[in-house]
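Below is one structure, written out as structure tokens; comments come after it.
The values are calculated or read from the model by the stated rules, or taken from the named source; none is laboratory data. Quick caveat, the model's predicted, so the values are computed rather than measured. Neighbour counts run over all protein chains shown; Cβ positions are idealised from the backbone, glycine included. Remember, those area values only see protein heavy atoms, side chains included, never the ligands or the DNA or RNA. Shrake-Rupley method; radii C 1.70, N 1.55, O 1.52, S 1.80 Å.
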Amino acid sequence: MDEIDVPPFFICPISLEIMKDPVTLSTGITYDRESIEKWLFSGKNTTCPVTKQVIADCELTPNHTLRRLLQSWCMLNASLGIERIPTPKPPISKAQIVKLLIDAKSPQQQIKCLDTLKSIAAENATNKRCMESSGAVEFLASIVCNYDPTATEESLDYEFDSIKPIDEALSILYSLQLSEASLKNLMGKNGDFILSLTRVMQRGSYESRAYAVLLLKSMAEIADPMQLINFRPQLFIELVQVLHDQISKQASKATLQLLVSICPWGRNKIKAAEAGVVPVLIDLLLDSSSERRACEMILTVLDAVCGCSEGRSELLKHGAGLAIVSKKILRVSQVASERAVRILLSIAKFCATSKVLQEMQQLGVVAKLCLVLQLDCGSKTKEKAREVLKLHARVWKNSPCMPTNLISSYPA
């Protein structure tokens, strides 16, 4: 290829490689379909990469003339090792999707429709956007909302017929990488769709539960606070169960991200604490295989939940609660250290019984906080560590690591 003179208009401005499926944007610039779809849909960009103009219409028009020129050029240079570019399969049309959805009336037709939709979505991002604008999201959401968790108790045949559609529907919904508008539409269904996802998490297969969490995370990212504070206690119970069951790394990560975003709002921290999230999070911290980012998120959720008395009580009730939080300081990252010290500050402020303070000294919590003051671990973390030590310097004055300036603040 280095010895061949490739016409510059055959080169995609994004990938800088010969185009295989040239398509033109509304700005008049032609790109290779795969590259521009990744730019627009996966990267969620709204401007033309070349002109920097805002793209109001993301429709991609196939550039048949340029493709034919490309194919002819490839044939002329076949002796030099250039392979002919095959004619790409045309994207699905809106009319085809609509007809497919209309014909899916019986359970058997629905299953066939889901298989077809899955294949269509897997082809390219243009097909996904076409499905989204043709009513496929509403069709898939209706299958989720009509999910009957009691089906598993009635008959094995009905279970097979009912579980498969819900698995497929959730899988396709997630694979569509829904736009903000579609996610907001799902959030705005009077909480019905979230309630349906909660039912799926309660009684669905591992696969369905994982996809339900992933969808919930995407929805929570675009929701306003008033929608987040209306989450029901049962949802938190199911989220905790997903963490406990360790369905998959992806599902656990999505659950932690979801809890990080929703726990600070309203009574959500109390709902999470009452759902039993604290002991599950502590057990995850005790697992030495926890990755850095996972550890940071666990401590972030614990910090939020310890903002209520129910959360602090659960932390102290766990035999390893204080010890593992203290252990993570200076061992994971600056973010993790700050979150861990914030948790200890909550305990020191609101749960400082003589028993708790004695336990903090015996477990080495006081020594660890003193070490924080001596090392470079962020000014916020140092400030909070100093605040904890200052609060109870009188009680911990016999600790050999206590700074003398803090002890002198409390003369005998």
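Data for the structure
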quantity: Of all residues in the stretch 178-204 being among the polar types (S, T, N, Q) and modelled with pLDDT of 90 or more, the one that is most open to solvent (accessible area, probe 1.4 Å); calculated: Q202
quantity: Qualifying residues in the stretch 147-177 (those that are at pLDDT 90 or above and of a type in the set (G, A, S)) - the one most open to solvent (accessible area, probe 1.4 Å); calculated: S175
quantity: Every residue from the stretch 52-76 that is in a helix (DSSP H, G or I), closer than 22 Å to D5 by Cβ and not β-branched (V, I, T); calculated: L66, R67, R68, L69, L70, Q71, S72, W73, C74, M75, L76
quantity: Wholly within the stretch 309-404, helices (runs of 4 or more DSSP H) carrying at least 2 residues that are open to solvent by 80 Å² or more (accessible area, probe 1.4 Å) and not basic (K, R); calculated: 334-350, 354-362, 379-391
quantity: Residue that is at pLDDT 95 or above, β-branched (V, I, T) and surrounded by fewer than 24 Cβ atoms within 10 Å (Cβ to Cβ), where the choices are V280, V305, V301; calculated: V280
quantity: Contacts under 6 angstrom Cβ, first residue in the stretch 39-51 being farther than 17 Å from N127 by Cβ and assigned to a helix (DSSP H, G or I), partner of a type in the set (A, V, I, L, M, F, W, C) and open to solvent by 50 Å² or more (accessible area, probe 1.4 Å), 6 or more apart; calculated: none
quantity: Residue within the stretch 234-246 that is over 26 Å from D287 (Cα atoms) and modelled with pLDDT of 90 or more present; calculated: yes
quantity: Filter pass, V280 being in a helix (DSSP H, G or I), within 27 Å of S333 (Cα to Cα) and in contact with a His (Cβ under 8 Å, 6 or more places away or on another chain); calculated: yes
quantity: Residues of the stretch 127-143 classified as open to solvent by less than 30 Å² (accessible area, probe 1.4 Å), assigned to a helix (DSSP H, G or I) and farther than 12 Å from S179 by Cβ, total; calculated: 7
quantity: Selection within the stretch 96-113 - charged (D, E, K, R) and part of a helix (DSSP H, G or I); calculated: K99, D103, K112
